[in-house]
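Contents: one structure, followed by commentary.
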Amino acid sequence: MAKRIDVSGLSAYYGSTRAIEDISMTIEPRSVTAFIGPSGCGKSTFLRTLNRMHEVIPGARVEGKVMLDDENLYGANVDPVAVRRSVGMVFQRPNPFPTMSIYDNVVAGLKLAGVKKKSVLDGVVEKSLQGANLWNEVKDRLNKPGAGLSGGQQQRLCIARAIAVEPEVLLMDEPCSALDPISTLAIEDLIGELKSQFTIVIVTHNMQQAARVSDRTAFFNLAGVGQPGKLIELDDTQRIFSNPSVQATEDYISGRFG
Amino acid sequence: MTSASPADARGRTPRRRDSRRGDSIFFNLSRGAGVLLLVVMAAIAGFLTYRSALALGKNEGNFLTTFEWTPDAAKPVFGIAVLTFGTLVSALIAMIIAVPIAVGIALFISHYAPRRIAQPFAYLVDLLAAVPSIVYGLWGVLFLVPHMGGLTSWMDQYLGWTYIFSQSSSGVPPRNLFTVGILLAIMVLPIITAVTREVFRQVPRMHEEAALALGATRWEMIRTAVLPFGRPGIISASMLGLGRALGETIAVATVLSTNSKLTLHLLDPGGGTFAENIALKFNEAQPLGRDALMASGLVLFVITLLVNGAARVIIARRKEYSGAAA
């Protein structure tokens, strides 16, 4: 588990519009990497290229290379479905399956992978919910609908669902933007615990959050409206927030624009 | 933002009265519409019940189990056994055929077809709903019936052991309940397709992405996110279709042979439905005959209500899983 991501020369398009241009970066295993930058700079788009979710949008395509250890995710014989099994994702708004119980939500990925044995599933449910710090809150109502939980609990349920399939990488697209501060704190603590097992990439609009949870921070920016987003710099979080090497990063972090 | 208090301080009447009057007008209009619906329903039920009671009092046979329909004979005898069986069976056949196909078409339009094909295709399906039922009836009797022979004898040969698909007489034109069922399936297809298609389109993108991000193929995504979310919609759509199948009159009357004998052999000519029976017999019926037909109409009314009620119960039972909370 936990693999290194090595991106080189990656551009992503929506139809003929280029959303991000020529991005190269290395993401270390068992670390948290945060993507920050103004709206529309392509950080979410870039995140979605890391598990080939970008291309589910009609007309969207990707150029370039994403290496997960020594496997190119965009190689000719690579099945995007298999990629998404090893690179999990948590979305901006909590999206547990509304028609499923808490239990069924957690095992949804395993069932897709063909695991049917009840004893295995039971074990995974407990382990994943423990891992997502949700077990104590829901252990007595596993058969209740997942949509009945609070927003923060739903988001932790989504994290449990994502880690239940034991992915190599966990992508999080602004996972706290729909949550209150206390739920946000719970998720941030959780991210700190999960990084011992997974490679975590998180997109956030909240710079304090990036500073709190991440080891490395990447700043994205765009030259202007309609221009593709670019990676400006990637460095240790501490450096980015104290002494970034690019002026634009410092301007953004100190609130001078964006 | 301007505050309302300075105006109040100058002693002006705030403009709240007008908006309240608007509210009460709208409230009474909408309540009136609701009450009107109940009144109409009650009027239909009351009228049918009254006329039915007149007829049932003079019936010499058992209304529920009698096969014959001779209310205007010297000894009036009429029963709904044949009609109930024919109505339910033909509608059931229609649903068994139409619902899976409609769900398939709806999925194709909403999730598989490229947009430039999906749009005209959806329009084409909607167009099917605009064809008058007499046209379906004529098509049924002029095209479907003559071309059913191969299928019916095949079913007789290989499915005859099921009893219901065995033919007691061969070589007769298949103006039977099975053919009617197929025709009804085609007729209810567009409405079921249109409603389920809209429901499938409303599946939140985030649920579909949740499934895809877990490593679901497109079909698995549809199975995990789209179909469960659309389930209440599929049931509602089927009920709309079933309502049409149960009440379809002229197409059934055109296709079905007029000998209304009760037979469990669905491939044998004969059988009848409530609506078809009323349409065929109303013009020549005497007063008692008309009341008897009213009684059968009341039964159809009740059956439709029961079926819809059952559907409501099915939908409500899983309400907390409906996704309405999300």
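Quick look at the numbers
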| quantity | calculated |
| --- | --- |
| ³J(HN,Hα), Karplus 6.51/-1.76/1.60, whole Hz, each residue of region B:270-275, x for Gly, Pro | x, x, x, 10, 3, 5 |
| Neighbourhood charge, 12 Å Cβ-Cβ cut-off, centred on A:Thr184 and excluding it, Lys, Arg +1 and Asp, Glu -1 | -2 |
| Separation in nanometres of the label points that stand 7 Å from Cα toward Cβ, at B:Phe26 and A:Ala178 | 2.9 |
| Beta bridges per DSSP with both ends in chain A, % antiparallel, nearest 5 | 60 |
| Debye-sum result for region A:106-258 in log10 I(q)/I(0), which assumes one identical scatterer on each alpha carbon, at q = 0.12, 0.17, 0.18 Å⁻¹ | -0.61, -0.99, -1.06 |
| Residues B:Phe67 and A:Ser16, FRET efficiency given R0 of 56 Å [Cβ-Cβ distance, rounded to 0.05] | 0.20 |
| Degrees between helix B:287-317 axis and first principal axis of chain B (Cα, 0 to 90, nearest 10) | 50 |
| Principal-axis tilt of helix A:118-131 within chain A, Cα atoms, nearest 10 degrees | 50 |
| Residue pairs, from the table A:Lys3/A:Lys144; A:Lys111/A:Lys195; A:Lys3/A:Lys117; A:Lys43/A:Lys117; A:Lys3/A:Lys43, whose Cα atoms sit over 30 Å apart | A:Lys3/A:Lys144; A:Lys43/A:Lys117 |
| Within the protein assembly as shown, percent of DSSP bridges classed antiparallel, to nearest 5 | 60 |
| Whole-Hz couplings from phi, Karplus 6.51/-1.76/1.60, listed for region A:92-109; x for Gly and Pro | 4, 9, x, 10, x, 5, x, 8, 10, 6, 4, 4, 5, 4, 5, 8, 3, x |
| Region B:102-143 residues near the modelled B:Arg201 label - backbone nitrogen below 12 Å, point 7 Å along Cα→Cβ | B:109-111, B:118-123, B:126 |
| Principal semi-axes in Å for the protein assembly as shown [√(5λ), Cα gyration tensor, largest first] | 61, 31, 22 |
| Amide H within-cut-off set for A:Ile232, under 5 Å, with H built and near neighbours excluded | A:Phe219, A:Phe220, A:Asn221 |
| Total formal charge among the other residues, if their Cβ is under 15 angstrom from that of A:Ser8, Lys/Arg +1 and Asp/Glu -1 | -4 |
| For chain B, fraction of C-alpha pairs farther apart than 31 Å, in % | 49 |
| Tilt relative to chain B, helix B:149-159 - C-alpha long axis, 0 to 90 degrees, to 10 | 90 |
| Two-site FRET efficiency, B:Leu264 against B:Val135, from Cβ-Cβ distance with R₀ of 35 Å, rounded to 0.05 | 0.70 |
| Net charge of Cβ neighbours under 12 Å - reference A:Thr217; Lys, Arg +1; Asp, Glu -1 | 0 |
| Cα-projected label distance for A:Gln92 with A:Asp79, points at 7 Å along beta-carbon direction, nm | 3.1 |
| Cα centroid separation, region B:118-164 to region A:106-175 (Å) | 48 |
| Residues with amide H under 5 Å from that of A:Phe35, placed H, sequence gap 5 or more | A:Ile202, A:Val203, A:Thr204, A:Ala218 |
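FYI, it's all coordinate maths here, none of it is from the lab. Just so it is clear, the model here is predicted, and its values are computed rather than measured. Neighbour counts run over all protein chains shown; Cβ positions are idealised from the backbone, glycine included.
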